[in-house]
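**Student:** I am attaching a structure below and will ask some questions about it afterwards.
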Amino acid sequence: MFKVTRYRINPDKCIGCGFCKDVVECPGYGECVGCSSCFLACPNYAIEPYTALIRETVRIIVDGEEYDVPRGVTVKKVLEILGFSFSRYPLEDSIFAPCETGGCWACAVIINGELRPSCHTAVRNGMEIETVHIEEKTPMRVIGGFTPHPVGGVGTPHWLKDKGHYIEVACFAAGCNFRCPTCQNYDITYNSRLPPMTPREAACELTYYRKLYGVDRLAISGGEPTLNRRWLIEFFKELKKLNKDEKARLHLDTNASILTPDYIDELIEAGVTDIGPDLKALRIETFMKITGLNDRELAEKYLETSWKAVKYIIENYYPEKVFLGIGIPYNKFFHPTLDEIYEIGYKIASMDPNVQVCVLDYRPEFRRTNIRTPTVDEMLEVKKALEDTGLKTVIVQTRIGHIGP
């Protein structure tokens, strides 16, 4: 007998928005297998966990060995039962499973000869699973939202924004390692219904849109694009092959939480020319409040990695090889005073006072609809505070457009 977690809708909280059916795909085809995708994605906290006991088993093969395991669970859960280690920060001795919603495919294993995300695939009788030789398969992940943009993202130079015409094309990667209650893009972050794409397929489609709209910038955002490292590196290599002209700019927006120096080196070698790390916060309490992370040790690791990533880029690549634009979210809900904003400004200015900083006005969204969108005057106060720390290139996103530097 196995004790497992299941999820069910609380009818008293459900408003019938359909998000759990239209955007989230149930890997159990209607029978809950405890993947938690709908639970994490429900904007109204209407899906709740409960404990179930499983008596039935199925027989599977894992790396050549036969096992009897509980039915009605995910492949990830089965592998955990068999002693495999999973982590939400990349570790050599663990399978990296950061999003747990079927979007990033970082936890993919080979199932019956095909690559599948272990967190979002139900175990079946007779299933053959391989956890080795993954690199022999073409990486996959869920990508959507191929569109032109008139403003761009955090890593878009300020002189291109708000010009009244399209300046870049972008795509968006599903899956995120954060649980931001104020997620500004939750319809793609938690999307597991879109078909997964190879790096080549995504690069070709984005290049098509570049030609269609006559722009030079090609961007990927999310969700969090960096979670599936092998996929992202191949994606930028393909983009570089397809866009060989000198005008092409390859742009990555990221939360930088797993962006280690070797990863940064590999991305730039693959062709990245513009990077926009969104730093979220400086203090761990604020970081956890914004990201929705409850594991303090994990949150500290993410926060430390993101700030080190910015420092590494500035010291090794900026501005000669890479354009860097740093994002900072702002809302009085997170920052009742400007004390931490000043601290962030001083820290960035100590690295390079000329680096572009873009403050994002976090609006009520997703699970945090009870906050108020910052006013233009509030955003201008934040701008002045950052400039007082010595930063020379500060822009703020407001309801009337970008202001600055």
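The values are calculated or read from the model by the stated rules, or taken from the named source; none is laboratory data. From a predicted model like this one, the values you see are computed outputs, not experimental measurements. Heads up, the Cβs are rebuilt from the backbone with ideal geometry, glycines too, and the neighbour counts pull from every protein chain shown.
**Student:** Lys301 versus (1) buried (at least 19 other Cβ atoms within 10 Å of the Cβ); (2) in contact (Cβ under 8 Å) with a residue 24 or more places away in the chain; (3) assigned to a helix (DSSP H, G or I); (4) within 21 Å of the chain's Cα centre (by Cα): which is the lone unmet condition?
**Tutor:** Just one mismatch for Lys301, condition (1).
**Student:** With among the hydroxyl-bearing types (Ser, Thr, Tyr) and closer than 19 Å to Arg230 by Cβ as the only criterion, which of Thr260, Thr273, Thr291 stands out?
**Tutor:** Being among the hydroxyl-bearing types (Ser, Thr, Tyr) and closer than 19 Å to Arg230 by Cβ holds for just one of Thr260, Thr273, Thr291, which is Thr260.
**Student:** Turning to a different aspect of this structure: Looking only at residues in the range 162-180 that are of a type outside the set (Phe, Trp, Tyr) and surrounded by fewer than 19 Cβ atoms within 10 Å (Cβ to Cβ), which one is nearest to Leu206 (Cα to Cα)?
**Tutor:** Per the criteria, the residue is His165.
**Student:** Show me the strands (runs of 3 or more DSSP E) entirely contained within the range 314-405 in which 3 or more residues are out of contact with any Pro (no Cβ under 9 Å at 6 or more places or on another chain) and either hydrophobic (A, V, I, L, M, F, W, C) or touching a residue at least 60 places away in the same chain (Cβ under 8 Å) (or both).
**Tutor:** In the range 314-405, the matching strands (runs of 3 or more DSSP E) lie at 401-403.
**Student:** Sticking with this structure for a sec: Quick check on this structure: which one of Leu218, Leu160, Leu206 is free of Cβ contacts under 8 Å to residues at least 60 places away in the same chain and either of a type in the set (S, T, N, Q) or in contact with a helix residue (DSSP H, G or I) (Cβ under 9 Å, 6 or more places away or on another chain) (or both)?
**Tutor:** Leu218
**Student:** From the residues in the range 31-48 that are loosely packed, with under 14 Cβ neighbours inside 10 Å and in contact with a Lys or Arg (Cβ under 7 Å, 6 or more places away or on another chain), which one is nearest to Glu365 (Cα to Cα)?
**Tutor:** It comes out as Tyr45.
**Student:** Can you spot a residue in the range 158-169 that is in a loop (DSSP other than H, G, I, E, B) and in contact with a Phe, Trp or Tyr (Cβ under 8 Å, 6 or more places away or on another chain)?
**Tutor:** Checked against the condition, which is being in a loop (DSSP other than H, G, I, E, B) and in contact with a Phe, Trp or Tyr (Cβ under 8 Å, 6 or more places away or on another chain), the range 158-169 yields at least one hit.
**Student:** Can you tell me which residue among Ala202, Ala219 is part of a strand (DSSP E or B) and assigned by TED's automatic domain parsing to the domain that holds Gln356?
**Tutor:** So the residue among Ala202, Ala219 that is part of a strand (DSSP E or B) and assigned by TED's automatic domain parsing to the domain that holds Gln356 is Ala219.
**Student:** For the range 143-153, name all the residues that are within 15 Å of Cys204 (Cα to Cα) and of a type in the set (Val, Ile, Thr).
**Tutor:** Answer for the range 143-153, where residues must be within 15 Å of Cys204 (Cα to Cα) and of a type in the set (Val, Ile, Thr): Ile143, Thr147.
**Student:** Among (1) among the aliphatic types (A, V, I, L, M); (2) in a loop (DSSP other than H, G, I, E, B); (3) out of contact with any helix residue (DSSP H, G or I) (no Cβ under 6 Å at 6 or more places or on another chain); (4) in contact (Cβ under 8 Å) with a residue 12 or more places away in the chain, where does Leu91 come up short?
**Tutor:** (4)
**Student:** Select, from Asp262, Asp253, the only residue that is more than 12 Å from the chain's Cα centre (by Cα), under 20 Å from Ile313 (Cα atoms) and not basic (Lys, Arg).
**Tutor:** Going through Asp262, Asp253 in turn, just one is more than 12 Å from the chain's Cα centre (by Cα), under 20 Å from Ile313 (Cα atoms) and not basic (Lys, Arg): Asp262.
**Student:** Within the range 264-288, can you find the residues that are in a helix (DSSP H, G or I), of a type outside the set (A, V, I, L, M) and surrounded by fewer than 19 Cβ atoms within 10 Å (Cβ to Cβ)?
**Tutor:** Asp265, Glu266, Glu269, Glu285, Thr286
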